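Presented below is the structure to which this report refers.
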There are 2 protein chains.
Amino acid sequence: MSHNCAIIPIGGGTSVTNALETPVNETRLVISLDMALLDKILWIDRENLTCRAEAGIVGQSLERHLNEKGYTCGHEPDSIEFSTLGGWVSTRASGMKKNRYGNIEDLVVHLNFVCPKGIIQKQCQVPRISSGPDIHEIILGSEGTLGVISEVTIKIFPLPEIKKFGSFVFPNFESGVNFFREVAAKRIQPASLRLMDNDQFVMGQALKIASDSWWASLKNSVSKMYITSWKGFKGDQICAATCVYEGCRSEVEQQEESLNKLACKFHGVVGGEENGRYGYRLTFAIAYLRDLGMNHGVLGESFETSVPWDKVLTLCRNVKELMRREAKSQGVMHPVLASCRVTQVYDAGACVYFYFGFNAKGLINGLQVYDKIETAARDEIIACGGSISHHHGVGKIRKQWMLTTNGAVGIALLKAIKSELDPANIFANANLIDIIGSPHSKL
Amino acid sequence: MSHNCAIIPIGGGTSVTNALETPVNETRLVISLDMALLDKILWIDRENLTCRAEAGIVGQSLERHLNEKGYTCGHEPDSIEFSTLGGWVSTRASGMKKNRYGNIEDLVVHLNFVCPKGIIQKQCQVPRISSGPDIHEIILGSEGTLGVISEVTIKIFPLPEIKKFGSFVFPNFESGVNFFREVAAKRIQPASLRLMDNDQFVMGQALKIASDSWWASLKNSVSKMYITSWKGFKGDQICAATCVYEGCRSEVEQQEESLNKLACKFHGVVGGEENGRYGYRLTFAIAYLRDLGMNHGVLGESFETSVPWDKVLTLCRNVKELMRREAKSQGVMHPVLASCRVTQVYDAGACVYFYFGFNAKGLINGLQVYDKIETAARDEIIACGGSISHHHGVGKIRKQWMLTTNGAVGIALLKAIKSELDPANIFANANLIDIIGSPHSKL
C-alpha cells in the first residue's frame with residue numbers, strides 16, 4: 001500500500017472473461033503477480049486422502065504427480081493443460097468429471113488466502129464444518145479481487161480400477177436432453193456425460209481429427225445404415241452423447257448396463273467406445289481450433305450457463321436462433337456456427353455450453369460484432385432462466401449481469417466484503433464489481 | 001429500526017447452542033419472531049425435482065406432504081420432528097442420510113432472505129453458478145444474526161424403491177472406525193452409516209426400548225455365543241454400526257453385499273436388520289431421554305465435531321478420558337456416561353458425536369459443573385484437530401472458539417458482513433460473534 005501499487009494475480013492465464021486485463025483508468029503501478037514459481041506439492045496424506053499444494057501448480061503437473069503415486073484429484077477442466085489450482089478456486093471452476101469427483105467447492109478442504117488485511121485460514125482441515133458463514137466460500141469465486149490464494153488442500157482419490165469411454169447416438173437433441181434428465185433423476189450418471197447438438201456432431205465429423213471418428217466408424221459399418229435407414233434418424237437432427245466411466249469393474253459394468261438400457265427408452269443407439277474417446281478429446285482440441293480459426297479470419301468462442309431442466313430445450317433453441325439472427329443483422333455474410341452442448345448434469349438442472357463462430361471477412365470490426373452478438377445471447381440466456389455463468393466466472397465481460405444475478409443487496413454485500421479485506425483496492429483487477437469506477441460495467 | 005426493537009427469529013426451537021437466548025445486556029424491546037405460521041409448501045416442481053416452501057415449515061410436516069406425493073427431501077436430522085426448513089439453513093444443518101441426499105448446503109437451490117438492508121435473492125433457480133462469492137453461503141450458517149430466511153427452494157427426490165436397515169458388530173471401536181474409513185475411500189457408503197462405541201452399545205441394550213434389541217436378539221440366538229466365544233469379542237470392547245440403505249433394489253443389494261464383504265476384512269459380523277432399525281430409532285429417543293434424566297437429577301447433553309480420519313481415534317479417546325477425569329475432579333460422585341458415535345462419513349474425515357451425562361446429586365451447581373466439563377472437552381476437541389461444530393452451529397455456547405476457528409481476518413470479515421446487512425443490529429441474538437459487547441464471548 002505504501003508503494004501505491006495495484007496487484008493482479010495471474011495463474012495459468014486461461015480465463016475467458018478478460019479477468020486479467022488491467023482496468024483502463026488504473027493510474028498506479030500494476031504488478032502482475034505471476035504464481036508460476038509457487039508450484040510445489042507440499043504433502044500427500046494417504047490416510048485422509050488429501051494433498052496440500054501451492055496455488056500456482058498447473059493442473060496437468062499436479063495430476064501427473066498424483067498419478068505417479070496412484071492418485072488423481074479428479075478435477076479435469078478443458079484447461080487442465082495450463083490452468084492452476086489457485087485459478088480453479090478463484091473462479092469456482094468445474095471439471096468434466098464432476099459427477100464422480102465434485103466441483104472445486106466439493107474438492108477444497110482447506111485454503112490459505114493472503115489479502116491486504118492479513119491471512120485468512122481456518123485452524124482445522126476438516127471435511128465439513130458449521131461455524132457461521134463459510135469463509136472458504138467467500139474466497140471461492142473472488143476472481144483475484146480480494147487477495148491471492150497461496151496454498152490449497154484438496155481431496156485426492158485412488159486411481160480408478162477402470163476408465164472406459166462410451167457413446168450414444170440420439171435421433172434428436174430433445175431425446176438426448178430427456179435421457180440426461182432421467183439419468184440425473186435416477187442418479188446413475190457416470191464420471192462424465194455430455195451431449196452434442198447436431199451442428200457439433202456434424203462438425204466433429206468434418207474435423208476428422210482421428211481416423212476412427214464417428215462418421216468414419218458409422219460409414220464403414222452397418223451402423224450408419226442401421227441408424228439412418230432402419231431407425232429413421234435424420235442427418236440434420238442426429239446428435240450424440242459421450243461418456244466416461246470410472247470406478248471399479250463392477251461399478252463401471254453396472255453403470256454401462258443401466259445407461260445402455262435407459263438410452264433405448266429415449267430411442268438412443270449405443271455408439272461405442274472409440275467414438276466416446278474421440279468426442280471427449282475433441283473438447284481439448286477445440287481450444288486450439290479457436291486460435292487456428294483466428295488466423296483465417298474466423299472468430300469463435302464458447303460461453304456457458306446453468307439452467308433448470310425444464311428450461312434447457314427452450315434456452316438452447318432460443319439462444320442459437322438469436323445468434324444466427326443477430327449475425328445476419330450485423331452483416332455477417334457467411335453461415336455461422338451456433339452450436340451447443342450439455343456438459344454437466346445436476347439433480348435440478350444442467351450446464352449448457354454454447355459455441356459461436358463466424359467468418360469475419362468483409363466486416364469492419366469483427367470483434368465488436370462478436371461482442372454484440374454474445375451480449376445479446378447472454379441477455380437471452382438470462383431471460384430464459386439461465387445463469388450468468390456456470391464455471392467460467394464473471395471477470396469483466398459479464399459484470400453487467402451481476403446486478404440482475406445477485407440483486408442490489410447482494411452486490412452491496414460483495415462490496416462490503418471487498419472494503420473490509422482490501423480497503424485500498426490493491427487487488428484492483430476490477431472483476432465482478434466496480435470499486436473505483438471501471439468503465440467495464442454499469443455496477 | 002424506528003421502533004428501536006431487536007428481533008430474534010425462532011423456528012422449531014431445537015437449537016442446542018443457546019442460540020435463542022436474549023443477550024443479557026439487550027435494553028431494547030425484543031421481538032421473538034415466531035416463524036410457525038410461515039409453514040406452506042408453495043409449489044412442487046416434478047420436472048426439476050424441487051420444492052418451494054416457506055421457511056417456518058416443520059421437518060416432519062414437509063416430509064409428510066412430500067411423501068404423500070411420492071417424494072422425499074432426504075434431510076433427516078434427529079430433530080426433524082420439530083426443527084424447521086429455515087432453521088436447517090440458518091444453522092448449516094446435516095441429516096442422518098446425508099450420504100445419499102447431501103447436507104443442507106447441497107439441498108438448497110434458492111433462498112429468500114429478508115434483512116434490514118432489503119431482500120437478498122438470486123434471479124435464477126439454477127443448480128450451480130459461478131458469479132463471485134456465493135451469497136447463499138453467507139446466509140447458510142448465519143444463525144439469525146443477519147436477517148430472516150423467508151422462503152427456500154430445496155431439491156426433492158422420488159421415494160426410494162427400497163428402504164432397508166442393517167447392522168454390524170465389531171470387536172472394538174478401532175475396527176469399526178477403520179471399516180468406516182475404507183467405506184469412505186471406496187465410496188460405498190449407504191444412505192446412513194453410524195458407529196456406536198462400547199458404552200453406547202451397552203446403554204442401547206440397557207434401555208431395552210424394543211423387545212428385539214441387540215442384546216435380546218444376541219442372547220436368544222447362537223449369535224451371542226458366536227460373537228463372544230468363537231470370535232472372541234469382549235463385552236467391554238464390542239461396538240456396533242447401524243446403517244440405512246435406500247435406493248432401487250439392485251443398488252441396495254449391491255451396497256449391502258459390498259458392505260458385508262468389507263466388514264469381514266475388519267473382523268465385523270453382520271448384526272441383522274432388526275438391530276439396525278432399533279439402533280437408528282434410538283437416536284430419536286435419546287432427545288427425550290435427556291429430559292427424562294433431568295427429572296431424576298441426571299444432566300446429559302450431546303455435542304459434535306468433525307475431524308480428519310487420521311485423528312478420529314485419538315480425538316475420541318482423549319475427549320472421553322478428559323470428561324471422566326474432569327468429572328472426578330469437579331466432585332461428581334457417580335460414574336459418568338462419556339460415550340461417542342461416528343455419525344457421518346466424508347472423503348476426508350468424519351463427524352463424531354459425544355454423549356456426556358452424570359448424576360448431579362450432591363453437587364451444589366450441577367449445571368455449572370456440566371458447562372465446565374463440556375468446555376474442557378471442546379478445548380480438547382480443538383487441540384485434537386476437531387472442529388468447533390459439525391452441524392449444531394455455534395450459537396452462544398461455542399463463541400469462544402470462533403476466533404481460533406476462523407482467524408482474526410475471518411472474524412473481521414464476518415463483522416463487516418453483519419455491519420453491511422444489519423448496521424443497527426436489529427437481528428441481535430448475538431450468536432457467532434459479538435457486535436454490541438455481549439458477555440457471552442471474548443470476541
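Scanning segment A:66-92 for residues that are more than 10 Å from chain B (Cβ to nearest Cβ) and polar (S, T, N, Q) gives A:Asn67, A:Thr72, A:Ser79, A:Ser83, A:Thr84, A:Ser90. Among the numbered criteria (1) under 22 Å from B:Lys117 (Cβ atoms); (2) out of contact with any strand residue (DSSP E or B) (no Cβ under 8 Å at 6 or more places or on another chain); (3) modelled with pLDDT of 95 or more, which single criterion is violated by A:Thr404? If we test A:Thr404 against (1) under 22 Å from B:Lys117 (Cβ atoms); (2) out of contact with any strand residue (DSSP E or B) (no Cβ under 8 Å at 6 or more places or on another chain); (3) modelled with pLDDT of 95 or more, just (3) comes out false.
Please go through segment B:400-422 and pick out each residue that is in a helix (DSSP H, G or I) and among the charged types (D, E, K, R). Matches in segment B:400-422: B:Lys415, B:Lys418, B:Glu420. Inside segment B:165-181, residues that are of a type in the set (A, V, I, L, M, F, W, C) and touching a Ser or Thr at 6+ places or on another chain (Cβ under 9 Å) make up a count of 3.
The number of residues in segment A:59-75 that are in contact with a helix residue (DSSP H, G or I) (Cβ under 8 Å, 6 or more places away or on another chain) and not small (Gly, Ala, Ser) comes to 4.
A quick yes/no check of all residues on (1) in contact with a strand residue (DSSP E or B) (Cβ under 6 Å, 6 or more places away or on another chain); (2) in the same structural domain as A:Arg341 (by TED's automatic domain parsing); (3) not small (Gly, Ala, Ser):
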| residue | (1), (2), (3) |
| --- | --- |
| A:Thr50 | yes, no, yes |
| A:Ala53 | yes, no, no |
| A:Gly56 | yes, no, no |
| A:Gln60 | no, no, yes |
| A:Glu63 | no, no, yes |
| A:His75 | no, no, yes |
| A:Ser79 | no, no, no |
| A:Leu85 | yes, no, yes |
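For segment A:238-277, filtered to residues that are open to solvent by 50 Å² or more (accessible area, probe 1.4 Å) and under 25 Å from the mean Cα position of the chain (by Cα), the residue that is farthest from A:Ile188 (Cα to Cα) is A:Glu274. No other residue among B:Val126, B:Val114 is out of contact with any helix residue (DSSP H, G or I) (no Cβ under 8 Å at 6 or more places or on another chain) and farther than 24 Å from B:Tyr71 by Cα apart from B:Val114.
Taking segment B:390-410 on its own, how many of its residues are crowded, with 20+ Cβ neighbours inside 10 Å and either more than 7 Å from every other protein chain (Cβ to nearest Cβ) or on the phi > 0 side of the Ramachandran plot (or both)?
Let us first name the residues in segment B:390-410 that are crowded, with 20+ Cβ neighbours inside 10 Å, namely B:390-399, B:401-402, B:405-406, B:409-410.
Right, trim to either more than 7 Å from every other protein chain (Cβ to nearest Cβ) or on the phi > 0 side of the Ramachandran plot (or both) and you get B:393, B:395-399, B:401.
Residues that pass the stated criteria total 7.
Looking across segment B:347-363 at every residue that is within 14 Å of chain A (Cβ to nearest Cβ) and more than 14 Å from the chain's Cα centre (by Cα), the one that is most open to solvent (accessible area, probe 1.4 Å) is identified as B:Asp347.
Here is the figure for segment A:94-111: residues that are in contact with a helix residue (DSSP H, G or I) (Cβ under 7 Å, 6 or more places away or on another chain) and at positive phi total 0. Counting only strands (runs of 3 or more DSSP E) that fall entirely inside segment A:1-60 and contain at least 1 residues that are in contact with an Asp or Glu (Cβ under 8 Å, 6 or more places away or on another chain), the qualifying elements are A:5-10, A:41-45, A:50-54. Residues in segment A:91-107 that are open to solvent by less than 20 Å² (accessible area, probe 1.4 Å) and out of contact with any Phe, Trp or Tyr (no Cβ under 8 Å at 6 or more places or on another chain): A:Arg92, A:Ala93, A:Ser94, A:Lys97, A:Gly102, A:Asn103. Within segment A:332-342, does at least one residue satisfy the condition of being assigned to a helix (DSSP H, G or I), away from chain B (no Cβ under 14 Å) and surrounded by fewer than 22 Cβ atoms within 10 Å (Cβ to Cβ)? Checked segment A:332-342: no residue is assigned to a helix (DSSP H, G or I), away from chain B (no Cβ under 14 Å) and surrounded by fewer than 22 Cβ atoms within 10 Å (Cβ to Cβ).
If you take the residues of segment A:420-443 that are touching a helix residue (DSSP H, G or I) at 6+ places or on another chain (Cβ under 7 Å), over 30 Å from A:Val342 (Cα atoms) and more than 7 Å from chain B (Cβ to nearest Cβ), which of them is modelled with the highest pLDDT?
The residue in question is A:Ile435.
With respect to B:Arg46, is the statement that it is within 14 Å of chain A (Cβ to nearest Cβ), open to solvent by 30 Å² or more (accessible area, probe 1.4 Å) and touching a residue at least 24 places away in the same chain (Cβ under 8 Å) true? Considered against the rule, which asks whether it is within 14 Å of chain A (Cβ to nearest Cβ), open to solvent by 30 Å² or more (accessible area, probe 1.4 Å) and touching a residue at least 24 places away in the same chain (Cβ under 8 Å), B:Arg46 comes out as no. Within the bounds of segment B:25-44, is there any residue that is modelled with pLDDT of 95 or more, of a type in the set (D, E, K, R) and closer than 16 Å to B:Lys155 by Cβ? Checking segment B:25-44: not a single residue is modelled with pLDDT of 95 or more, of a type in the set (D, E, K, R) and closer than 16 Å to B:Lys155 by Cβ.
The values are calculated or read from the model by the stated rules, or taken from the named source; none is laboratory data. Treat the numbers as computed from the prediction; the structure is a model and nothing was measured. All Cβ positions, even for glycine, are placed from backbone atoms using ideal geometry, and neighbour counts span all protein chains on display. Note: areas computed on protein heavy atoms with side chains; ligands, DNA, RNA excluded. Shrake-Rupley method; radii C 1.70, N 1.55, O 1.52, S 1.80 Å.
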